[in-house]
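Remarks on the structure that follows.
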């Protein structure tokens, strides 16, 4: 399916419904294709519920107690 940038602006809900049905939508700008809307593939990756921090913060020494660390950050400077 093809749609113009104007269609994207005014009919985005309809385009997202088409994508949710499994269609790919090519967005054109001034008659030339510039973007493609495709259905999002479900990922098996989930955030760990047992570890409140993840990524680069999971091994940070200052964040052993997450609640204390956040309260310390939010504490006033003066």
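The values are calculated or read from the model by the stated rules, or taken from the named source; none is laboratory data. Computed from a predicted model, the values in this text were never measured in an experiment. Cβ sites come from the backbone with ideal geometry, for glycine too, and all protein chains shown count toward neighbours.
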Would you check which residues across region 56-78 are surrounded by fewer than 10 Cβ atoms within 10 Å (Cβ to Cβ) and either modelled with pLDDT of 70 or more or in a loop (DSSP other than H, G, I, E, B) (or both) and list them? 59, 61, 64, 67, 73, 74, 75, 76, 77, 78
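Between 39, 52, which is modelled with pLDDT under 65 and in contact with a helix residue (DSSP H, G or I) (Cβ under 7 Å, 6 or more places away or on another chain)?
Among 39, 52, only 52 is modelled with pLDDT under 65 and in contact with a helix residue (DSSP H, G or I) (Cβ under 7 Å, 6 or more places away or on another chain).
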